[in-house]
Structures are given as structure tokens and as C-alpha cells.
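The structure appears below as C-alpha cells.
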Amino acid sequence: MNVFRLTGDLSHLAAIIILLLKIWKSRSCAGISGKSQILFAIVFTTRYLDLLTSFISLYNTCMKVIYIGCAYATVYLIYAKFRATYDGNHDSFRVEFLVVPVGGLSVLINHDFSPLEILWTFSIYLESVAILPQLFMISKTGEAETITTHYLFCLGLYRALYLFNWIWRFYFEGFFDMIAIVAGVVQTVLYCDFFYLYVTKGWFSRPYRL
Amino acid sequence: AMKDDGHDEL
């Protein structure tokens, strides 16, 4: 464990909690892409099946359980409890265009052709594009609530910090995972446009406009 | 790339 990975995980946890609390307290999921949240639930489910097979550490297990729990709770709030506030018209990204290529790629390029490893690879590839429906929805509505922008900032920051974690681990441990690194770079690059706006627009004053 | 007990990162 290193400072980049720990702050990355905490940034990820913050993003997940910010979104869950926002929907719960405002009793509304307006401006939130349910499709992205379903993709994240799939990402965690396929990546954390090793909860059933191997124990790495209490931290590892706790975080995985929290991530999976919050992801499904968020999907439940969007599609069940506050379904009336779900903006389906603007959440129109064709996720099959993400899931199918990612599924194919995970079968072709992986570290080991075993079910668990292919699912892990699928999860890594899917996570790198899972935010696209949300970014697409914001571009369609032309704005995002301030809280939503903080959610996206923390979410984007987490994988950027992981890039530094991988540099650290390569330098100090000689460890590197090319699949995770390449997908992590793609994932972080997708946020660049958003990061630029978040930093330059001084968002705290008005809603995010493209 | 894989540790013997799978992946140790979240």
C-alpha cells in the first residue's frame, strides 16, 4: 500500500458516498445517469467475485463490500425508490456499444484465460468507459448540479491517483499490470475535458455549463 | 502481472 493508492481509494469511496447521499437527501436522481451506475455495479460485481475465493486483507474485504453495497443501493434509489425523478430521456447512451466490445476484448486480451480472470479483465475494461453515459447525459442537458461535479471530480481523481500508484509500485516493487495501466490511462483521459472545466470554471458559483 | 493470490488492488 502507498499514499497514492490509499488516497485513490479514499477519493473513490468519497465519490460513491457523495452520490449516494446526494440522491438520498435530495430524494432525487435528476441529472444522474442510471446507466453509468448500473455499469459501475457490474464493474464491482465482476471484479470482486474473489471475495468468495481469496482473503487479501481486512481493508481489501471491507472496501469491496462497501463499494458493492453502495453501488447497488444507488441503482436501487435511481430505478426503484426515486424512479419518478429519473431523467430517462437524457440518459440515452447506448451502453451495448460499450459492453459488447469490452466483453470481446476481455476474452481476447487478458492475463489468464480463466473465468475469474476474464471477469476481472472485463471489469477493468468496463470501468474505463463506465462514466461515458454520465458525461454524455451532462453534455445533453448542458449542465450538472454542483454536487454532481464534485462526485465526478473525486471519481476521476481516484484513477488518476492510481496511475501514480502504478508508477510507485513499478519503481519500488517492480510490479506492473499493463491491462490495468492502459485502461486506467484511458479512464483518466476521458475525464480531462471535465477536469479542465471543473478547475477553470470555479464551479462553486454556478451550475456546470459545457 | 498477477500476484499468486489474484489481484491485490481494489
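A few remarks follow.
- Dipole orientation for the protein assembly as shown: of the candidates A:Ser57, A:Met178, A:Phe195, A:Phe195 has the Cα lying most toward the positive pole (charges on Cβ; Lys, Arg +1; Asp, Glu -1).
- Point-to-point label distance, A:Tyr76-A:Thr45, nm (Cα→Cβ direction, 7 Å offset): 1.4
- Under the Debye formula (equal points on every Cα, no solvent term), log10 I(q)/I(0) of the stretch A:107-210 at q = 0.22 Å⁻¹: -1.12
- Stretching the chain fully between A:Glu173 and A:Val65 yields a gain of 36.2 nm (0.36 nm per residue, less the alpha carbon separation).
- Evaluated over chain A, the Cα radius of gyration and Dmax, each in Å: 16.9, 51
- Sorted by Cβ density within 10 Å, fewest first, the residues A:Lys140, A:Lys25: A:Lys25, A:Lys140
- Ranking of A:Tyr59, A:Tyr162, A:Tyr191, A:Tyr72 by count of other Cβ atoms within 10 Å, fewest first: A:Tyr59, A:Tyr72, A:Tyr191, A:Tyr162
- D (Stokes-Einstein, µm²/s), Kirkwood Cα radius, the stretch A:100-168, 1.002 mPa s at 20 °C: 153
- Subtracting the Cα-Cα distance of A:Leu10 and A:Phe97 from 0.36 nm times their residue separation leaves 28.3 nm of extension gain.
- Spin-label proximity, A:Ser54 to the stretch A:100-131 - amide N less than 15 Å from point 7 Å beyond Cα toward beta carbon: A:111-121
Quick note: the coordinates plus some simple rules give every number you see, no bench work behind them. What you see is a predicted model; the values in this text were computed from it and never measured. Neighbour counts are summed over all protein chains in view; Cβ atoms, including those assigned to glycine, are modelled from backbone coordinates with ideal geometry.
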